[in-house]
Amino acid sequence: MGVTLIGLIIVAASAIYVAWPLLSGAEADDASEISEASALEKEKDSALDAIREIDFDLRVGKISEEDHAALRADLEKRALKALAELEEGATEPGLQAVEGGGEGPKSDGAAGFCPSCGNQFKKGASFCAGCGEKLPKSARGGTRRRA
Amino acid sequence: MSEIGRLAIVLGFIVAIWGAAASLLGALRRDKSLVTSGTHAAYAFSALTGIAVLALLQLLLARDFNVEYVASYSSSTLPLWYTIAALWGGMKGSLLWWTFILAVCNAVVQLQNRRKNRDQMPYVTATMLVTGAFFLSLLVFITDPFERLPFTPTEGSDLNPLLQNYWMTIHPPSLYIGFVSTTVPFAFALAALATGKLGDAWIRTTRRWALFSWFFLSLGNIFGAAWAYVVLGWGGYWAWDPVENAAFMPWLTSSAYLHSVMIQEKKDMLKVWNMVLVILTFALTIFGTFLTRSGVISSVHSFTQSGLGPFFLIFLGAILVISLALLFWRLPLLKSKNELESVFSREATFLLNNLLFVGIAFTVFWGTVFPVLSEWVRGVKITVGPPFFNQVNAPLGLALMFLMGVGPIIAWRRASWSSLKRAFAVPVIIGIGTGVIALVLGAGNFYAIVAFSISAFALATVLTEFWKGMRVRQTMMGEAPWVALSRLIGKNHRRYGGYVVHVAMVMIFIGIVASSIFKIELQTGVEVGKSIEIGGYTVRFDGIEDESTPHVEIRKAKLAVFEDGEQLGYVYPEKRFYKKPQQPTTEVAIWSTLGSDLYTVLGTYDPDSKVGVFQIFLNPMISWMWIGGFVMFFGTVICMWPSYAERTSEATSRVPAGSRTAS
């Protein structure tokens, strides 16, 4: 008797729990928008991580200035592209330009990313607004150092 | 209780099928309520398999011998720990245990991605539930773990004595966790292919999972080796047994993936290759399960044989066809924009490292299936033994070790001669110096000298990496050495954790090389009170002690160990006679130091003449393998530790993405 009762409870609980979203017409957030955003976030983070690494490689002397600049330009392009798409709707002429022509951002916006924390910083900045670390000259040059 | 268990697996199977169908349909029709129902099904699946495991555990603990599984794998005298471990001691239980781990992984994935990757999640859920449904279908339709016997035996036939060892409680679970968690990256790879979102997102999402499964595969393999070492009594730890190979192959492809994924992140290359590695790793875990369960290949793991082989082959075929078809369909989207610029670059080193990993995996695969193939083709079963595996894999392993030294310090894109000189001068000198020292000290074996030399080189590159990084931070930030070192690691867990794992690999490699090349072995009879000499040690046979419990009879030899005339202590190798499945086992006794293991095995003892026959091995540096295992654990934990950015982004992920600026 007891076993039958427990069995019935398990069956009923499973069925109700699984069918509930169909019965209640589940509310949900816009899945695709969230997904898109989280994918782009990851895309951006991935590029920023890579930038941080090669910046450090440059300081350690594992990579030549020239190669560093070329790699960094490539990665920045990827990060900026993800950022631009992430903030789609906002006005980003500069970022669009990056995607299109490969020229640096023309607006007074971002000059690059802090090698330490990945925060975006403005042209001419000497210290990162995110973590306060001193920005190395090579990073300050930012996107203009394109090969 | 068995009825509840049976109900749980039947219901779990239905729920899994429904969840997979609802998720797929929901994704295709963009119907949120269907997708949510799929997610609920995933949680329900976890709960139901959890109930089934608890039911089986309860039956084992209650020693309900009317249940066939309980009668076959436990007994009234089996100690509590092994009664719990009997959950995975037999085929049916291990399949249920497997499904349960999968269900737990699935629930964790669902929780992690409640608000992330929503487009991909239906496909992830579907893939994981289909895999879960496959495993449950075996239990529901073919081998029911809750099957009752027509009569109740008064006693169970007990767990195989070989399994009554403390490793039993940790080796199978670690290996299963490693095997099963490869499903997560695989499911995300399929989801990326299905949705066409083939950027870095799926890789970043599954990065920690890939590392997690790699870690447990490593642990499972090391634990398995340690177990074989202490239980099987032949002085070794790895025999290229098909089932060992089955666990080794996914580890190899998974290691390859952990490296090649960095190339995708940095250079946007090897996207197809990474997909292939993820698919291959998962397929190899299923293949491994097939090897263990099918009985097509004879193995030391034959205690889990069954007639399930064909089902695994069909499932394996389905996995490969579906995933490769999806991959082929998406090939145009996976084109890489960058190309390899020079063979002297980190990219090229990583590529070569991948080829070696996969090359070793292939030789292992070939050697494992060759007996079956030869039987099909020529009607004769030709087994390739350890010599084949050793001969082919030793040079490949050496090359891999060499690349492990080169990879971390060679430049991206193309390395110039001057940068090569600057980076490699010190490690190369250290490597060659070590080789010379080994030669002078009398390591006459060519392989050993090369191996020690390469190990020292690889170790030196890792240490210079830490050193240089620390120096840079010291000069740039003016930090004290320890602060600089800890911040260096803190800023890039993955890289420096990886280096620690490299150190562990060097230790394990040295352990393997030294213990296989410089092993000493002897078998001899000795009278009570007399001694045996082996490689600097003297072992004196002090007598025999007999013990008896209702469960087992133990015959224990007392051996005194001396080095240079000084007594170090005693070791007690045993012979055990288990009473339920009347079976003798050997319990080895080991005197272990950093330099070598004195490994003693009691053969026979004749009470009349008071002569004991012993097998004694001297295994140099074998403990380095186990210490390497600990270092690996440590390194992997560093790798997996969330970075500051990740922790903050986790915390803010509840804020709608649109309202955030770049973090």
Completion exercise
Matching residues in region B:26-38 (more than 8 Å from chain A (Cβ to nearest Cβ), of a type outside the set (Gly, Ala, Ser) and open to solvent by less than 80 Å² (accessible area, probe 1.4 Å)) number 1
Problem - Per-region count, region B:441-462, residues open to solvent by 30 Å² or more (accessible area, probe 1.4 Å) and small (Gly, Ala, Ser) - result: 2
Exercise for the section: Test B:Val184 against the criterion of being open to solvent by 10 Å² or more (accessible area, probe 1.4 Å) and among the β-branched types (Val, Ile, Thr), and give yes or no. Expected result: no
Problem - The lone exception for B:Gly444 - which of (1) more than 14 Å from chain A (Cβ to nearest Cβ); (2) under 31 Å from the mean Cα position of the chain (by Cα); (3) modelled with pLDDT under 85 it fails - result: (2)
Practice task
Show the residue pairs that are 6+ apart or on different chains and have beta-carbon atoms under 6 Å apart, the first residue being within region B:152-168 and aliphatic (A, V, I, L, M), the second being open to solvent by less than 10 Å² (accessible area, probe 1.4 Å) and assigned to a helix (DSSP H, G or I).
Solution key: B:Leu159/B:Ala86; B:Met168/B:Ala85
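Residues checked against (1) on the phi > 0 side of the Ramachandran plot; (2) at pLDDT 80 or above; (3) not β-branched (Val, Ile, Thr):
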site: B:Ser298; (1), (2), (3): no, no, yes
site: B:Gly309; (1), (2), (3): no, no, yes
site: B:Ala318; (1), (2), (3): no, yes, yes
site: B:Val321; (1), (2), (3): no, yes, no
site: B:Glu339; (1), (2), (3): no, no, yes
Exercise for the section: Answer yes or no as to whether B:Gln120 is buried (at least 24 other Cβ atoms within 10 Å of the Cβ), within 14 Å of chain A (Cβ to nearest Cβ) and in contact with a helix residue (DSSP H, G or I) (Cβ under 7 Å, 6 or more places away or on another chain). Expected result: yes
Handout entry: Given (1) without any contact (Cβ under 8 Å) to a residue 12 or more places away in the chain; (2) facing chain A (nearest Cβ under 9 Å); (3) over 17 Å from B:Leu139 (Cα atoms), number of the condition B:Ala41 does not satisfy
Key = (1)
Problem - Candidates B:Val108, B:Val104, filtered to the one that is within 21 Å of B:Phe223 (Cβ to Cβ), away from chain A (no Cβ under 14 Å) and in a helix (DSSP H, G or I) - result: B:Val104
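This table checks each residue for (1) charged (D, E, K, R); (2) more than 20 Å from B:Phe633 (Cα to Cα); (3) within 14 Å of chain A (Cβ to nearest Cβ).
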{"site": "B:Trp467", "(1), (2), (3)": "no, yes, yes"}
{"site": "B:Ala480", "(1), (2), (3)": "no, yes, no"}
{"site": "B:Gly490", "(1), (2), (3)": "no, no, yes"}
{"site": "B:Val501", "(1), (2), (3)": "no, no, no"}
{"site": "B:Met505", "(1), (2), (3)": "no, no, no"}
{"site": "B:Ile512", "(1), (2), (3)": "no, no, no"}
{"site": "B:Glu521", "(1), (2), (3)": "yes, yes, no"}
{"site": "B:Ile532", "(1), (2), (3)": "no, yes, no"}
{"site": "B:Gly536", "(1), (2), (3)": "no, yes, no"}
Handout entry: Unique residue being assigned by TED's automatic domain parsing to the domain that holds B:Thr143, open to solvent by less than 20 Å² (accessible area, probe 1.4 Å) and assigned to a helix (DSSP H, G or I) when the list is B:Ala47, B:Ala20
Key = B:Ala20
Exercise for the section: Return the residue satisfying two criteria in turn: it lies in region B:126-145 and is open to solvent by 10 Å² or more (accessible area, probe 1.4 Å) and more than 23 Å from the chain's Cα centre (by Cα), and of such residues it is farthest from B:Leu7 (Cα to Cα). Expected result: B:Val130
Practice task
Could you run through region B:169-192 and say how many residues are within 14 Å of another protein chain (Cβ to nearest Cβ) and over 21 Å from B:Pro642 (Cα atoms)?
Solution key: 2
Problem - Residue count for region B:403-437, restricted to those that are touching a Pro at 6+ places or on another chain (Cβ under 7 Å) and basic (Lys, Arg) - result: 0
Exercise for the section: Kindly indicate the residue of region B:600-616 that is open to solvent by less than 10 Å² (accessible area, probe 1.4 Å) and not β-branched (Val, Ile, Thr) and also farthest from the chain's Cα centre (by Cα) among those meeting that condition. Expected result: B:Gly612
Completion exercise
Exactly one of B:Gln474, B:Gln523 is open to solvent by 30 Å² or more (accessible area, probe 1.4 Å), at negative phi, of a type in the set (S, T, N, Q) and touching a Pro at 6+ places or on another chain (Cβ under 9 Å), and that one is B:Gln474
Practice task
All but one of (1) out of contact with any strand residue (DSSP E or B) (no Cβ under 6 Å at 6 or more places or on another chain); (2) more than 7 Å from chain B (Cβ to nearest Cβ); (3) not hydroxyl-bearing (Ser, Thr, Tyr) hold for A:Ala37, so report the exception by its number.
Solution key: (2)
Completion exercise
Looking across region B:1-17 at residues that are part of a helix (DSSP H, G or I) and open to solvent by 80 Å² or more (accessible area, probe 1.4 Å), the single one that is farthest from the other protein chains (Cβ to nearest Cβ) is B:Ile17
Exercise for the section: Could you tell me whether B:Gly469 is within 23 Å of B:Tyr496 (Cα to Cα), touching a residue at least 12 places away in the same chain (Cβ under 8 Å) and over 28 Å from the mean Cα position of the chain (by Cα)? Expected result: yes
Handout entry: Selection from region B:418-461 of residues that are under 26 Å from B:Gln391 (Cβ atoms), of a type in the set (S, T, N, Q) and either touching a Leu at 6+ places or on another chain (Cβ under 7 Å) or in contact (Cβ under 8 Å) with a residue 40 or more places away in the chain (or both)
Key = B:Asn445, B:Ser455
Completion exercise
The residue that is nearest to the other protein chains (Cβ to nearest Cβ), considering only those in region B:238-275 that are under 18 Å from B:Trp366 (Cβ atoms), open to solvent by 10 Å² or more (accessible area, probe 1.4 Å) and among the aliphatic types (A, V, I, L, M), is B:Val243
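The values are calculated or read from the model by the stated rules, or taken from the named source; none is laboratory data. Note that the structure is a prediction, hence the values are computed from the model and not measured. Glycine gets a Cβ as well: all are built from the backbone with ideal geometry, and neighbour counts include every protein chain shown. Ligands, DNA and RNA are excluded from the accessible area calculation, which covers all protein heavy atoms including side chains. Shrake-Rupley method; radii C 1.70, N 1.55, O 1.52, S 1.80 Å.
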